[in-house]
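Worksheet: one structure, shown below.
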Amino acid sequence: MDPNTTVKEITVKLFTAVNLAATPEEVFASIHKELSVLMNTQNLYLGLLSEDKERITTYYIHDINILSEVSLLEKSLNSYLIQQNTSLCLTQKEILELESNNIIKPNSSPAKVWIGTLLKIGNEVIGILALPGFETESSITNDQLPVLEEISSYISFAIHRLQSVQALRVSEQHLRESNISKDKFFSIIAHDLRGPFNAIIGFSDLLYNDYDQMEEAEKMTMIRNIHDASIGTFKLLENLLEWSRIQTGRTIPNPENIDLSTIANTSLGVLKPLAEKKNIKLFSGIHFGTIAFCDETMITTAIRNLISNSIKFTSPGGNVRIWGTTKENHVEITVADNGVGIPKANLEKLFRLDESVKTRGTAGEQGTGLGLILCREFIELNGGSIWAESEPGMGSQFKFTLPKQIP
């Protein structure tokens with residue numbers, strides 16, 4: 001520590017450095033470097049609060065590297081500092097007293113002294129800057145607290161600037177994704193609707209003009225083609241309507257505790273005739289009492305779509321299974337088949353609107369291209385996530401999670 005260096009000089013250097021920083025790690029590196037001239041910053045750390053104020057990301061030096069870790073605030077010294085809403089200088093005796101009174105959680109090796117100050121934007125706490133001293137109580141003194149307080153506003157504004165830039169980048173990404181979605185939406189309408197309508201118009205035109213000259217078998221073939229094209233078009237319109245409702249925020253989940261075994265059994269019953277046409281067997285391994293907190297209609301649609309998709313890509317004589325596993329804080333559902341499988345290059349594209357993956361089923365079935373997109377939308381609206389695991393020729397497993405029941 002250089003006694004000839006003033007706090008003002010350090011503050012000026014720090015102000016310049018933190019405002020040039022591009023990441024929280026760079027902000028912390030600047031703080032650590034400039035403050036080391038005035039005090040022992042070996043144990044200095046910077047903590048940034050999450051948006052919900054329940055977690056904190058802590059940046060610190062280990063050896064020569066800047067590391068970070070995310071933890072719950074809970075009953076920590078960081079949490080106590082925020083609750084007190086003021087800077088603190090605590091001795092080991094005071095820390096142990098807080099632990100014995102169950103105000104903070106016990107620490108196996110509390111510091112001899114601990115000082116900390118708040119990082120604020122206006123009245124909002126966005127983080128903390130703290131410095132524990134483990135050697136002696138004199139290793140960190142109360143005189144150093146005003147220095148941390150003086151620089152805290154510069155650090156706060158630097159962090160706020162970074163967060164604003166990050167929020168802008170996220171907003172720009174969402175805008176790009178929105179534009180992609182919009183382009184995809186019009187592409188689906190232009191391409192996927194034109195095809196079936198051309199078939200409907202073409203076949204109906206032939207029937208209208210040449211009905212008397214046609215054989216009965218020809219007429220039935222054309223009527224069947226019109227029927228199939230109409231059903232496919234109707235399904236696409238249904239999916240487009242539901243997707244547009246989600247995009248405009250008109251589809252809002254109404255979650256409650258739902259037994260997923262009931263949804264699975266009902267869905268298998270509805271799809272049984274479709275499976276029987278291909279001699280595919282359906283099995284449910286979801287035990288009664290597998291409860292998730294979700295919107296029943298949305299998750300029923302998602303499960304039915306996944307089972308239908310598995311039937312589509314399973315060869316005659318195959319099987320489709322659904323089962324569930326209850327984890328610590330969520331339920332995981334798997335829909336598996338022993339069908340044709342999916343190439344690795346297509347796995348990541350399955351749930352993306354900007355990456356169309358449309359493949360005919362084992363019996364020539366056509367899809368709308370939106371079924372899996374809707375599954376993802378519905379599951380994410382209910383606080384879960386979805387993914388696929390597959391290899392060509394080895395079948396596929398579609399897995400998704402949902403929050404566990406609320407007591």
Original post:
Name the pairs whose Cβ atoms lie under 8 Å apart, with the first residue in the range 92-109 and of a type in the set (Gly, Ala, Ser), the second surrounded by 12 or more Cβ atoms within 10 Å (Cβ to Cβ), and 6 or more positions between them or separate chains?
Top reply: SER109/PHE134
Original post:
Conditions: (1) loosely packed, with under 15 Cβ neighbours inside 10 Å; (2) over 36 Å from the mean Cα position of the chain (by Cα); (3) within 18 Å of PRO146 (Cβ to Cβ). THR86 meets all but one. Number of the miss?
Top reply: (2)
**OP:** Scan the range 275-330 for residues that are assigned to a strand (DSSP E or B) and of a type in the set (A, V, I, L, M, F, W, C) and jot them down.
**Re:** LEU282, PHE283, ILE291, ALA292, PHE293, CYS294, VAL320, ILE322, TRP323
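Kindly establish whether GLU94 is at pLDDT 90 or above, closer than 19 Å to PHE134 by Cα and surrounded by fewer than 17 Cβ atoms within 10 Å (Cβ to Cβ).
yes
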**OP:** Could you please give the count of residues in the range 316-326 that are touching a residue at least 40 places away in the same chain (Cβ under 8 Å) and not small (Gly, Ala, Ser)?
**Re:** 4
**OP:** Say whether the condition of being over 23 Å from ILE386 (Cβ atoms), touching a Leu at 6+ places or on another chain (Cβ under 7 Å), without any contact (Cβ under 8 Å) to a residue 24 or more places away in the chain and not charged (D, E, K, R) is met by at least one residue in the range 193-209.
**Re:** no
Original post:
Which condition number in (1) surrounded by 15 or more Cβ atoms within 10 Å (Cβ to Cβ); (2) at pLDDT 90 or above; (3) out of contact with any Gly (no Cβ under 8 Å at 6 or more places or on another chain) is the one that LEU370 fails?
Top reply: (2)
Subject >> Residues of the range 124-145 satisfying the condition of being loosely packed, with under 13 Cβ neighbours inside 10 Å and at pLDDT 85 or above >> reply: GLU124
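When the range 158-171 is examined, which residues are found to be without any contact (Cβ under 8 Å) to a residue 60 or more places away in the chain and either within 12 Å of LYS120 (Cα to Cα) or buried (at least 17 other Cβ atoms within 10 Å of the Cβ) (or both)?
HIS160
For (1) in the same structural domain as CYS375 (by TED's automatic domain parsing); (2) touching an Asp or Glu at 6+ places or on another chain (Cβ under 8 Å); (3) loosely packed, with under 13 Cβ neighbours inside 10 Å; (4) among the hydroxyl-bearing types (Ser, Thr, Tyr), each residue gets a yes or a no:
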site: ILE226; (1), (2), (3), (4): no, no, no, no
site: ALA229; (1), (2), (3), (4): no, no, no, no
site: ASP259; (1), (2), (3), (4): yes, no, no, no
site: LYS281; (1), (2), (3), (4): yes, no, no, no
site: ILE291; (1), (2), (3), (4): yes, yes, no, no
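The values are calculated or read from the model by the stated rules, or taken from the named source; none is laboratory data. In this text, all values refer to a predicted model and were calculated from it rather than measured experimentally. Using ideal geometry, Cβ is built from the backbone for each residue, glycine included, and neighbour counts are taken over all protein chains shown.
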